[in-house]
Amino acid sequence: MENGNVKREGFSSGMAVFFATLGSAVGLGNIWKFPYLTGKYGGGAFLLIYLLCIVFVGLPVMVSEFYIGRSTGKNAIGAFTRLKGPKSRWKYIGSAGILSTYLIMFFYSCVAGWVYSYAFKAVLGSFTGITAKTAESKFTGAIIGPLPPIIWQIVVMAVVSAILIAGVKKGIERITRILMPVLFVLIIVCDIRALTLPGAFEGLKFLFHMDFSQLTGVAILTALGLAFFKLSLGMGAMITYGSYFTKDNNMIGTSIRVALSDTLVSLLAGLAIFPAVFSFDMEPGAGPGLLFMTIPLVFSQIPFGSVLLVAFFVLTSIAATCAMISLVEVPVAYFTEEKGIPRTKSVVLNAAIIVAMGSLAALSADGKSILGGIRIFGKTFFDLFDFTSSNILLPLAGLLIAVFTGFFVKKDDVRTELTNQGKIKTGAIIDVYYFIIRYLTPALLLIVFLYYTGLTKILFNL
Ligand code: PHE
């Protein structure tokens, strides 16, 4: 028993910690956002900036979230009240986190639904012989609805709920441990096929060629935002998962391994997509449709393409599902621990909220959708959920988390937790972490935040 009457589950080993955390990081961000943004901003140079953002912003914030979660053994809000007392305003970082989690879930569950529907259609072989025109009409058909996108969103939530109801060990741990290795195998199969296509080299050149002329301020700031979204930071997911970590886990080591593996998956996704795109003379900067239109079109034209298409959309479904469970776990942990609602009830309640609000995203994803014409602050529901969370709340919470761990908790407490009471000899790495989290990370995040809220325009004319 811990914290009164709620008995807490946790992960059972270092391996479980790694796969679950990686499961949260790897998601639609790697396979959908990363390739199209890299395509849009010119390849290798964008990649380089992205890697720097991972090192100087992503990693340090991740270590901080793990510290906050594991040292308290609590959910995203409870962790702050445990560290600073129930009246402390720091708990609003947790509240902002839960709010962003909901906003992300509303549109993420919708895109995950499209991915499920594509996996299903790929299995049925319905992409055979498609042309550029039919690829487009298939995509709009899948997203305009009204019924199919909502039904698929419900399917996603049913799968995610079943995993979460099974619990932290029997659900999250068991599923991620099986599915993450499967994902790696499938992505490597896709890579081998894509890299052996004629003209594949052009794709490789594109991904690694350093063209700094495309590196505008917008590109740099986009890379920073992507790093954040990619590693599931700023919304309590890593605090919640951190609270399930084993006490002997080396959290700095875990952060580095997760960030490296996650980046590897993004690169592998790029290696599966760009060679194929170039081999067929298609447009690498095709935007969000790259995944849903270009890929089926390209893969349906190559030998073994139909099998590959199934592999590709199954692996994307796995990525989306494992990321989605880490999102839903945030409010579920909060509801069970702070409000005393039993786990199953919490999961069902949250799934219902996500389907109800998420259908607003599902029905506004395209201009032709039923709610596609409605604008709030000039944005559709879908874009509003994405924009407010990724571009405003995440960087803001990340900034506050950096300031919180850098200045408002005792350095010795952080050191004790990160070294597992002195058992791990980390040398100077904690001092390096401390320097980055105090100065560099807040400065970089402040710039992004000012930029996204339009203040840089007013202040610096950027
Ligand atoms: N990291 C996930 C991805 O790349 C998205 C995500 C964001 C998951 C925030 C959980 C929390 O798709």
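The table that follows gives values for the structure above.
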item	result
Single residue of L186, L197 found to be more than 20 Å from the chain's Cα centre (by Cα), surrounded by fewer than 24 Cβ atoms within 10 Å (Cβ to Cβ) and more than 16 Å from the ligand (Cβ to nearest atom)	L197
Flag for F408 being over 24 Å from M238 (Cα atoms) and open to solvent by 30 Å² or more (accessible area, probe 1.4 Å)	no
Which numbered condition G378 fails, given (1) of a type outside the set (K, R); (2) surrounded by fewer than 21 Cβ atoms within 10 Å (Cβ to Cβ); (3) within 16 Å of the ligand (Cβ to nearest atom)	(3)
Qualifying position, being in contact with a Cys (Cβ under 6 Å, 6 or more places away or on another chain) and closer than 30 Å to S279 by Cβ, among F304, F312, F299	F312
Residue ranges of helices (runs of 4 or more DSSP H) in the range 241-345 with at least 3 members open to solvent by 10 Å² or more (accessible area, probe 1.4 Å) and within 16 Å of the ligand (Cβ to nearest atom)	251-279, 305-339
Residues being at pLDDT below 90 and of a type in the set (S, T, N, Q) - total across the range 11-68	1
Top-ranked residue in the range 205-219 [being at pLDDT 80 or above and crowded, with 17+ Cβ neighbours inside 10 Å; ranked as farthest from the chain's Cα centre (by Cα)]	F206
Conditions (1) open to solvent by less than 50 Å² (accessible area, probe 1.4 Å); (2) within 23 Å of S346 (Cα to Cα); number of the one not met by I144	(2)
Flag if L418 is open to solvent by 20 Å² or more (accessible area, probe 1.4 Å) and either of a type in the set (A, V, I, L, M, F, W, C) or at pLDDT 80 or above (or both)	no
Qualifying residue in the range 425-433 (condition: at positive phi and not acidic (D, E))	yes
Selected residue (only one of T131, T140 is more than 29 Å from L360 (Cβ to Cβ), of a type in the set (S, T, N, Q) and out of contact with any helix residue (DSSP H, G or I) (no Cβ under 6 Å at 6 or more places or on another chain))	T131
Selected residue (only one of A362, A356 is open to solvent by less than 10 Å² (accessible area, probe 1.4 Å), over 20 Å from K40 (Cβ atoms) and not aromatic (F, W, Y))	A362
Odd one out for T72, checked against (1) over 20 Å from I325 (Cα atoms); (2) polar (S, T, N, Q); (3) within 16 Å of the ligand (Cβ to nearest atom)	(3)
Selection status of L59, within 15 Å of the chain's Cα centre (by Cα) and more than 13 Å from the ligand (Cβ to nearest atom)	yes
Residues (more than 12 Å from the ligand (Cβ to nearest atom) and either closer than 30 Å to Y92 by Cα or part of a helix (DSSP H, G or I) (or both)) located in the range 212-240	F212, S213, Q214, G217, V218, A219, I220, L221, T222, A223, L224
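So that you can scan it fast, the table gives a plain yes or no per residue for (1) assigned to a helix (DSSP H, G or I); (2) among the polar types (S, T, N, Q); (3) away from the ligand (no atom under 15 Å from the Cβ); (4) farther than 29 Å from S24 by Cα:
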| position | (1), (2), (3), (4) |
| --- | --- |
| Y102 | yes, no, no, no |
| F107 | yes, no, no, no |
| C110 | yes, no, no, no |
| W114 | yes, no, no, no |
| Y118 | yes, no, yes, no |
| A122 | yes, no, yes, no |
| F127 | no, no, yes, yes |
| T140 | yes, yes, yes, no |
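The values are calculated or read from the model by the stated rules, or taken from the named source; none is laboratory data. The structure presented is a predicted model; accordingly, all values stated were derived computationally and were not measured. Neighbour counts are summed over all protein chains in view; Cβ atoms, including those assigned to glycine, are modelled from backbone coordinates with ideal geometry. Ligands, DNA and RNA are stripped out before the accessible areas are found, and what is left, the full protein with its side chains, is counted by its heavy atoms. Shrake-Rupley method; radii C 1.70, N 1.55, O 1.52, S 1.80 Å.
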